[in-house]
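One structure below.
The values are calculated or read from the model by the stated rules, or taken from the named source; none is laboratory data. From a predicted model like this one, the values you see are computed outputs, not experimental measurements. So basically every Cβ, Gly included, is an ideal-geometry build from the backbone, and we count neighbours across all protein chains shown. Note: areas computed on protein heavy atoms with side chains; ligands, DNA, RNA excluded. Shrake-Rupley method; radii C 1.70, N 1.55, O 1.52, S 1.80 Å.
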Amino acid sequence: MSRRFAPVLALFALVLLTGARDPILVPEISQHEVDLQQGFTGTDLLLFGAILTPEGSRAAQDYDIVIVLKGPTQSIVLREKQKVAGIWINAASTEFRSAPSYYAIASTRPISEIVDDKTAAIYELGLKWLQLSPIGAFDPAEQARFADGLVDLNRRHGLYREDEGGVTVSEQVLYQAHIGLPSSVPTGTYTAETFAISQGRVVASASSQVEVRKLGLERAVAHFSNDYGFAYGVLAVFISVAMGWLAGRLFALV
């Protein structure tokens, strides 16, 4: 009986030993709450942590570390501008179901040197592998063109970022990376995912969260515009007309 189960027991022991060698990530962020107030010009987050064995000691080998900071997803309509008779008008458009409002990735070295394309696509490691989920049927080439346009637009606004080599690891234990948030960063709950990768395989992962919120007058205005959209629009028009009339009167006096 023992001989029959010997191969199974040996395989089970091998699985246990293999699992025991996988590291444990202990992530942390310099601030878990980012307050957007008047005069906010952006901030710099420090994402750091430790790579440990299950026993709590230092890892016995080097691991590549990849950190992905992602903002809340949103549905977005992307429109293409075309110049017709000297006037720019909206032409073709497409809608993406789950585009992240913010995306930043930092790694110890280029992603293409760490994992293959399949693994990068599964974990969305890089702007090239974002799963934007377009709505409707599109030609693949047209879909790729719109996706590239969305990524490029957000990169120019500082909302999509890639930093190959942005993660440093010290003594096989401590890792850290700096990721910046621009002044135009959207509010919501952000998720920071950290991956430990060895020989092209994700062997450990951990996540933490950052809450980006508005405070003071900005928060009151945001809530008013969301809860009372029509009144907010009327008030905005009234203020614009009043400011224009006041400016005209002032220039008339001069």
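So which of Lys70/Lys128; Lys70/Lys214; Lys128/Lys214 end up more than 24 Å apart by C-alpha? Show your work: numbers first, answer last.
Working: Lys70/Lys128 15 Å; Lys70/Lys214 18 Å; Lys128/Lys214 31 Å.
Pairs exceeding 24 Å: Lys128/Lys214.
For Tyr175, the accessible area of its heavy atoms, probed at 1.4 Å with every protein chain present, is near 10 square angstrom.
All Cα-Cα distances of the stretch 23-231, cut into 10 Å bins from zero to the largest, leave 8, 29, 31, 21, 9, 2, 0, 0 percent in each bin in turn.
Could you work out the mean projected area of the convex hull around the alpha carbons of the stretch 103-164, in square nanometres to one decimal? Numbers along the way, then the final one.
Working: hull surface 18.4 nm².
Its Cα hull, projected and averaged over all orientations, spans 4.6 nm².
Over the stretch 93-213, the ratio between the Cα radius of gyration and 2.2 N^0.38 Å evaluates to 1.14. Placing a pseudo-label 7 Å from each Cα along the Cα-to-Cβ vector at Ser184 and Glu95 gives an inter-label distance of 2.3 nm.
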